[in-house]
Structures are given as structure tokens and as C-alpha cells.
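The values are calculated or read from the model by the stated rules, or taken from the named source; none is laboratory data. On a predicted model such as this, the values are computed, not experimentally measured, just so you know. Virtual Cβ from ideal backbone geometry, glycine too; neighbours counted across all protein chains shown.
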Amino acid sequence: MLLLVVLLCTAAQAQTASGKIPASAKWSERMALSIMKNNPEPWMIEFNEQPVWSYPQGLVLLGFEKIYKQNPKQQYLDYIKAYADEMIDEKGNIKTYDAASFNIDMANSGKILFDLYERTKDEKYKIAIETLRHQMKWQPRTTEGGFWHKLRYPWQMWLDGAYMGAPFLAQYGKTFGDKEAFDDVAKQMILLEKHTRDPKTGLLYHGWDESRFQPWANPETGTSPNFWGRAMGWYAMALVDVLDYFPQDHPKRDEVIGILQRLAPALQKYQDAKTGLWYQVVDQGTREGNYLEASASSMFVYALAKGANKGYLDKQYRKVAEKGFKGIIDNLIEVKPDGEVLLHKVCAVAGLGGNPYRDGSYEYYVNELIRTNDPKGTGPFVLASLELNR
């Protein structure tokens, strides 16, 4: 284990002069090299004390995969593979993964396995992919067919789950010719907008409880009380990512694009005019305790930039994204003397229900832990940087 740490540290510094991260590199690589410096083994990305299969690793490593495809330095591919090989044994079993919990978050790290399988043809990666696909086939659902976020959150759909499950399913559908996967992806995206969109603001509530049993659920609509930035960020990223795989002639493709086209102007409306950033609770920027949050801002920049680049959105939204990216650099990024990049003001975590109970109130969201270099921020920052070629 110690030898692996040493080797990965060496690899992370191999592209730099005297161990420094060059300021001439693009922001995506500067952040990637900073992540590798601080996390010699990729399972450490989420401040873990031991290896765990979880969604933040997949979020960050997907960014590494995209960097590698633009700039094929072996250290980036090695870093991705190190996580997969740590967590998947030779029989394809995923360590620490519990299928019976039906936690949709667990699908996210499966995204990095498609490329690894294509490159290596190692069956263990395909077995792990099929394991995650099997979970999605049996994922508990609402009466309309929407995925529960987890087994322990019955009858609830969360925006977070769109990013965790839908792009994985869409990529599976394209890779293995599973047409039903595309139908399911479209269904999830459409149902989430149907049940969480606020017609007055165009923003999306964090979650929806079909049963209305949760104290956080509006007794009439079932929605949670507030518009959490990162929840909408997850959903926005899911929209642009699933379209990478959707067949051009799929009957629901235009509906998915339409959702993005409805969401984009709402995001533009609530972008902070001075900084170009977005608030933790998106529509309450002037309220005491609220703050300009890094992960949501990075996610919105990525989704808007990609939407404009792909032609799903008007080109003006690239300017909105560029303003947001400048705001991140000017207000939330710190560069240390050795070139290491720090991203400040990342909400560590937020959810609904559970124990202790999370009520979805304004006070709850603004008082959750704030971190520097939390992967829910650094991963989207890498993706945003790549999309803007910065």
C-alpha cells in the first residue's frame, strides 16, 4: 500500500517542474494535478479513511477520463484505473457495495468502467457494470415508474438521483444496445421536472415525496420546501450528459432537450449579477446566512456551456457560463505558491429526511458543513473547465 502511494505521488508530480503545478496549464489539469497531490490514492477523494465505492470518486474520475481523452498522459488513466482495481476484484465483485440498499448513488462510479472495459477488455469491469445495471432494473419505483432515491427513502425522487443513475443508464443503452434503458432515462428526467418544477420561478425543488408522508413534503404537491443549488446542478448535468448517448430518433429526445431549455433561463435569472455565481439556496441571495456556493456554480457553468456547445441552448448561454466561470476563478479559487489549486465554499452534503432529520428548511441548507476541495465541487469544476476549454 505504501509503495502504491509513493508511486502515485511520483506520477502526479512527473508533469510538473520541481514538484510545482504549472500556471500555464489549463484549469482542468491544474485542478486534476492538485487532486492527485492531495489524494495519492483516488479512493481518498471524499476524505475517506478506507476504500469505499461511492459517487464522488466517479464524479471526479469522469473528469480525469475526459482530460485523458484530450491530453493522453498516462498518469490520468492510471489514476482512474487505480480506483477501479482497488474496488473491483478479479471476479467483478464491487467492494463495499450493497445492492440490497438500492442506493441510486452507487451507479455513478460505474460510468468510468465503460472506457476501462473498452480499453482493456477485462471482464471484471463488464461484470461490475452489469451488477449496477441489474440494480437499476429492480430499483424501487413510484407508481409512475420513477426511481426511489434509496430503499430507505420510500416514494421519494430526488434531483440528485438524476445524475447518479440516468447518464449511466444512457451510456449502458448505447454501449450494449439496450433500448429500454433510453426509455427509462427519459421517464426519470421527465417525471422529475413534472413533480419538482415551480411554475413561478422555473426552478426545481430538491425532492418530491409521492406519499406525502415526509414532514418536509408539501401536503398538496409533495415537494420539499426549497431550491437547493447543487440538487439543480446534478439535474442540469444529467440533462446534458444523457443526450451524449440518446439516439437522434428517440421519440423523447426533444422532450429532454425541452427541459434543459426551460431550466436555462431560470438559472440565468438567478445568477448573481456582480459575481456570476449562484447561491446555496438559489432564489434567496439577499437572505442572511446564504452564500455563493462552488459546486452548484460549477455544475451550472458546465451544463450551460455544454448545452450551448452542443446546440441544445442558444449561444448566449455560453456567455452566461463564461461569466460564471470567471466568478469561480475570481471569488472561490485560491492558488498556493507551488501552484496547487484550492476551491473554497463547497457545501459538503445536504439531503432530506434521515436521522438526524433533515427538514429541507432554509436554515438547514445554509448551516450544513462547508469545505474546501470537496469533490462535489472539484469534479464539476474540472468538467466546466474542459467544456469552456479553460
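General remarks:
- Number of the exception - residue 112 against (1) exposed (fewer than 14 other Cβ atoms within 10 Å of the Cβ); (2) of a type outside the set (Ser, Thr, Tyr); (3) under 29 Å from residue 189 (Cβ atoms); (4) in contact (Cβ under 8 Å) with a residue 12 or more places away in the chain: (1)
- Conditions (1) among the hydrophobic types (A, V, I, L, M, F, W, C); (2) in contact with a helix residue (DSSP H, G or I) (Cβ under 7 Å, 6 or more places away or on another chain); (3) over 21 Å from residue 126 (Cα atoms): number failed by residue 23: (2)
- Tallying residues that are among the β-branched types (Val, Ile, Thr) and either under 14 Å from residue 296 (Cβ atoms) or modelled with pLDDT under 95 (or both) within the stretch 321-338 yields 1.
- Among all residues of the stretch 52-60, there is at least one that is surrounded by fewer than 22 Cβ atoms within 10 Å (Cβ to Cβ), aliphatic (A, V, I, L, M) and either under 20 Å from the mean Cα position of the chain (by Cα) or closer than 20 Å to residue 384 by Cβ (or both).
- Test: residue 277 is in a loop (DSSP other than H, G, I, E, B), buried (at least 21 other Cβ atoms within 10 Å of the Cβ) and of a type in the set (A, V, I, L, M, F, W, C): yes
- The stretch 344-369, residues that are part of a strand (DSSP E or B) and in contact with an Asp or Glu (Cβ under 8 Å, 6 or more places away or on another chain): 346, 347
- Residue match in the stretch 132-144 (condition: surrounded by 21 or more Cβ atoms within 10 Å (Cβ to Cβ), farther than 21 Å from residue 303 by Cα and either of a type in the set (Val, Ile, Thr) or out of contact with any helix residue (DSSP H, G or I) (no Cβ under 8 Å at 6 or more places or on another chain) (or both)): no
- Within the stretch 255-264, considering residues that are of a type outside the set (A, V, I, L, M) and either closer than 10 Å to residue 312 by Cβ or modelled with pLDDT under 95 (or both), the one surrounded by the fewest Cβ atoms within 10 Å (Cβ to Cβ): 258
- Single unsatisfied condition, residue 271 versus (1) under 23 Å from residue 348 (Cα atoms); (2) part of a helix (DSSP H, G or I): (2)
- Sub-8 Å Cβ pairs linking a first residue in the stretch 38-62 that is in a helix (DSSP H, G or I) to a second residue that is buried (at least 20 other Cβ atoms within 10 Å of the Cβ) and among the basic types (Lys, Arg), at least 6 apart or interchain, are 56/376; 58/111; 59/376; 62/111, ordered by first then second residue.
- Any hit, the stretch 205-228, residues being within 26 Å of residue 381 (Cβ to Cβ), crowded, with 16+ Cβ neighbours inside 10 Å and aliphatic (A, V, I, L, M): no
- Scanning the stretch 91-118 for residues that are assigned to a loop (DSSP other than H, G, I, E, B), in contact with a Pro (Cβ under 9 Å, 6 or more places away or on another chain) and polar (S, T, N, Q) yields a single hit, 96.
- Some residue of the stretch 344-357 being farther than 24 Å from residue 161 by Cα and out of contact with any Pro (no Cβ under 6 Å at 6 or more places or on another chain): yes
- Where residue 286 falls short, out of the listed (1) of a type in the set (Ser, Thr, Tyr); (2) surrounded by fewer than 18 Cβ atoms within 10 Å (Cβ to Cβ); (3) in contact (Cβ under 8 Å) with a residue 12 or more places away in the chain: (3)
- Taking every residue in the stretch 170-189 that is over 22 Å from residue 149 (Cα atoms) and pairing it with any residue that is buried (at least 22 other Cβ atoms within 10 Å of the Cβ) and of a type in the set (A, V, I, L, M), at least 6 positions away or on another chain, the pairs with Cβ-Cβ distances below 9 Å are 174/181; 175/129; 176/129; 178/169.
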